[in-house]
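A quick write-up on the structure given underneath.
The values are calculated or read from the model by the stated rules, or taken from the named source; none is laboratory data. Here the structure is a predicted model, which is why all the values come from computation and not from measurement. With ideal geometry, Cβ positions are generated from the backbone for all residues, glycine too; neighbour counts draw on all protein chains shown.
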Amino acid sequence: MDAVYYSFLAGFATAVGALIFGLIGHPGRRMLSGSLGFAGGVMLAISVFDLMPEALDLGTMFSVVVGFLLGVGVLFALDQLVPHAHAGADDQPKPERTDNVPTFNSRALQTGYLIFLGIAIHNLPEGLAIGAGLEASPELGLYIAVAIGLHNIPEGIAVAGPLRAGGLSLGKIFGLTLLAGMMTPLGALIGLFLFGLSPVLVGGGLAFAAGAMVYIVIDELIPQMAELHQLVGTSALLVGLLLGFVLGG
């Protein structure tokens, strides 16, 4: 039950991002940069200080290296095949105007649906990461779920913008982001089944989780936070890194 509960909360964070968008609109650049940097720092700390050492204790150096590279490779392949969300992008489609009357942008709606699909597919390996962590220990599974949840909130904001510009109601946007988030518990259940077969697979699964999260931080979170506000983002990343180290100690 812990797997369902933790992964549900992590996935629900995507819908929380949509709720934030509905309540306050698109957050400022400093706030988004700080949230992305903080999430990135926590994810790096968990990956380096917790996941990799635990993976080596349970498996072999070979299984750890293969698992890490597989985690990176899966996320890289998904990025090539499916578009992904970029929180705070200033070039997101906005409602068109005709004769000073706002009209909804069909291109924005298409973009929103594509980003929704990208988030849903990306959430599967994130769920696998939670499942691998829970196989090792409940505490590690919880840390991974919290880190992924922090990362998912800006993603929910990112998908809500174009969907709203495309004319969808806030209720439908919430439903779509919730649906995308529920791919996380599905991935966690798959991970529990796969990684429960042997300790070596659990070690490989933890390394997979580390590779996936490190890739997310380097490829998505750090570039986005730097583009939004480098000083705030870097400071938040360092705070998240230290906090993740303290919590995992």
Assuming Val146 fulfils every condition listed in (1) under 17 Å from the mean Cα position of the chain (by Cα); (2) on the phi > 0 side of the Ramachandran plot apart from one, which condition is it?
(2)
Take Ala108 and decide whether it is at pLDDT below 85 and assigned to a helix (DSSP H, G or I).
yes
Scanning segment 180-234 for residues that are outside any helix (DSSP H, G or I) and touching a helix residue (DSSP H, G or I) at 6+ places or on another chain (Cβ under 7 Å), which turns out nearest to Thr60 (Cα to Cα)?
Gly196
Which pairs have Cβ atoms under 9 Å, sit 6 or more apart or on different chains, and link a residue in segment 194-207 that is farther than 18 Å from Leu124 by Cβ to one that is not in a helix (DSSP H, G or I)?
Pro199/Gly59; Val200/Gly59; Val200/Thr60; Val202/Gly59; Val202/Gly196; Gly203/Gly59; Gly203/Thr60
Quick one: in segment 154-190, which of the residues that are buried (at least 23 other Cβ atoms within 10 Å of the Cβ) and β-branched (Val, Ile, Thr) is modelled with the lowest pLDDT?
Val159
What are the residues in segment 218-249 that are among the aliphatic types (A, V, I, L, M), within 18 Å of the chain's Cα centre (by Cα) and within 22 Å of Ser137 (Cβ to Cβ), if any?
Leu241
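Please note which helices (runs of 4 or more DSSP H) are completely contained in segment 1-66 and include at least 3 residues that are out of contact with any Asp or Glu (no Cβ under 8 Å at 6 or more places or on another chain) and among the aromatic types (Phe, Trp, Tyr). Walk me through it before giving the result.
On the way: elements: 2-24, 29-45, 52-58.
Result: 2-24.
Collect the residues in segment 183-204 that are polar (S, T, N, Q) and more than 16 Å from Asp2 (Cβ to Cβ), keeping them in residue-number order. I'd like the intermediate steps shown before the answer.
Just the residues of segment 183-204 that are polar (S, T, N, Q), to begin with: 184, 198.
The one that is polar (S, T, N, Q) and more than 16 Å from Asp2 (Cβ to Cβ): Ser198.
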